[in-house]
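*Asks:* Below are the structure tokens for one structure; questions will follow.
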Amino acid sequence: VKEIKDEYHSIENLEISVVLIFAALIGWAIYVGNAWIPIPMIIAGVAILWLTGRKGKAEIIDERTYIVAYKASLFVFRFFIITAAAAGITLLSLGRGDYPELESAGMALIYSCCILGMLYYAAFIYYNKKYGGKE
Amino acid sequence: MPIARINNQIRRLRFDHGEITQEELAERAGCTRQTIIALEHDKYVPSIELAFKIARVFGVTLEDVFQYEE
């Protein structure tokens with residue numbers, strides 16, 4: 001069990017490192033104005049996270065970890081949707097008033113909420129069917 | 001709807017089985033020690049699979065370990 005936990009922590013650390021390094025590199029690429037660097041970076045990052053995630057699934061067998069992760073994800077998802085929607089509406093309102101430069105940021109936040117909602121609905125249908133919800 | 005509650009006898013069963021440690025029980029049941037601690041403090045209800053594994057470690061039936069109360 002100790003080895004599994006150590007493995008879990010090393011996978012977790014690797015995932016955090018990957019996200020931080022790739023986020024920094026993508027940020028730098030955007031800063032220097034090179035639009036071609038982020039695309040392979042994103043693909044490589046997603047591939048590494050997918051591979052480590054698969055390894056993690058094979059190694060970690062504790063169900064409580066999954067429930068904790070599920071609850072944390074759901075909390076973050078709801079928190080993001082609510083705050084982003086509120087911030088988006090506020091920015092959009094301000095953008096249509098005295099601060100027109102804020103309108104695009106507000107629209108981006110509202111669109112991200114809509115896309116997340118659609119993704120959630122699609123994922124819900126997929127997992128509902130996968131776990132026997134099909135009539 | 002009445003509140004349902006699942007109690008367990010894990011602490012007593014560990015004592016009855018020669019004070020088997022939480023770590024050892026976790027290892028044999030295939031979970032972490034934190035999960036055993038959470039179960040003993042009634043903070044977590046396990047899946048049926050884990051419940052069967054724990055009962056099997058002690059060599060008893062599921063209902064000897066877990067009791068459902070309404």
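The values are calculated or read from the model by the stated rules, or taken from the named source; none is laboratory data. All of these numbers come straight from a predicted model, not from anything done at the bench. Reconstructed Cβ throughout: ideal geometry from the backbone, glycine too, with neighbour counts over all protein chains shown.
*Asks:* Looking only at the stretch A:39-46, decide whether some residue is at pLDDT below 75 and either within 14 Å of the chain's Cα centre (by Cα) or within 14 Å of chain B (Cβ to nearest Cβ) (or both). If you could, list the steps in order and put the result at the bottom.
*Replies:* Narrowing the stretch A:39-46 to residues at pLDDT below 75: none.
Looking through the stretch A:39-46, none of the residues is at pLDDT below 75 and either within 14 Å of the chain's Cα centre (by Cα) or within 14 Å of chain B (Cβ to nearest Cβ) (or both).
*Asks:* Moving to a separate point now. Among the residues of the stretch B:11-55 satisfying the criterion of being more than 19 Å from A:Tyr66 (Cβ to Cβ) and small (Gly, Ala, Ser), which is farthest from the other protein chains (Cβ to nearest Cβ)?
*Replies:* Residue satisfying both the conditions and the ranking: B:Gly18.
*Asks:* If I go through the stretch B:17-70 residue by residue, how many of them are within 15 Å of B:Arg5 (Cα to Cα), touching a residue at least 12 places away in the same chain (Cβ under 8 Å) and acidic (Asp, Glu)?
*Replies:* 4
*Asks:* Which residue, of A:Tyr70, A:Tyr121, is among the hydroxyl-bearing types (Ser, Thr, Tyr), closer than 27 Å to A:Glu15 by Cα and within 14 Å of chain B (Cβ to nearest Cβ)?
*Replies:* On the way: A:Tyr121 fails: within 14 Å of chain B (Cβ to nearest Cβ).
Among A:Tyr70, A:Tyr121, only A:Tyr70 is among the hydroxyl-bearing types (Ser, Thr, Tyr), closer than 27 Å to A:Glu15 by Cα and within 14 Å of chain B (Cβ to nearest Cβ).
*Asks:* Please find, among A:Ala123, A:Ala108, the residue that is under 26 Å from A:Leu74 (Cβ atoms), surrounded by 11 or more Cβ atoms within 10 Å (Cβ to Cβ), aliphatic (A, V, I, L, M) and free of Cβ contacts under 8 Å to residues at least 60 places away in the same chain. I'd like the intermediate steps shown before the answer.
*Replies:* Values: A:Ala123 fails: surrounded by 11 or more Cβ atoms within 10 Å (Cβ to Cβ).
Sole residue among the options that is under 26 Å from A:Leu74 (Cβ atoms), surrounded by 11 or more Cβ atoms within 10 Å (Cβ to Cβ), aliphatic (A, V, I, L, M) and free of Cβ contacts under 8 Å to residues at least 60 places away in the same chain: A:Ala108.
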